[in-house]
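Single-structure report; data block below.
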Amino acid sequence: MLETTPELANVVLQESSPAIPSASAAALAVGLAAFGAGYAERGIGSAAVGAVAEDEDLFVTGLIFTVLPETLVILALVTIFLV
């Protein structure tokens, strides 16, 4: 058991090499953030259009709610450039 402890530590700490290169991990993070934002906008967009069709005064509110998920992608891009 004690002989495998350093090997197990290398696997846990990934001292030898990372599982995913950093550029690929960054692309995956932004892609998943964009997918999540698109999934969130799916319902928000249709609800906003329906609300604006009923009352034109709700246009600004609908626009704000539609744009909010996109900030997720912007924050993911900013995080990647900072790291």
Worksheet, complete the sentence: Considering residues that are of a type outside the set (Gly, Ala, Ser), open to solvent by less than 60 Å² (accessible area, probe 1.4 Å) and farther than 26 Å from LEU77 by Cβ, the number found within the range 15-62 is 1
Item to complete: List every residue pair whose Cβ atoms lie under 9 Å apart, where the two residues are 6 or more positions apart in sequence or sit on different chains, the first residue falls within the range 35-60 and is on the phi > 0 side of the Ramachandran plot, and the second residue, located anywhere, is open to solvent by 40 Å² or more (accessible area, probe 1.4 Å) and in a helix (DSSP H, G or I).
Response: none
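The values are calculated or read from the model by the stated rules, or taken from the named source; none is laboratory data. Just so it is clear, the model here is predicted, and its values are computed rather than measured. Please note: Cβ atoms are built from the backbone with ideal geometry, for glycine as well, and neighbour counts cover all protein chains shown. When the accessible area is computed, the model is the full protein with side chains, heavy atoms only, and any ligands, DNA or RNA have been set aside. Shrake-Rupley method; radii C 1.70, N 1.55, O 1.52, S 1.80 Å.
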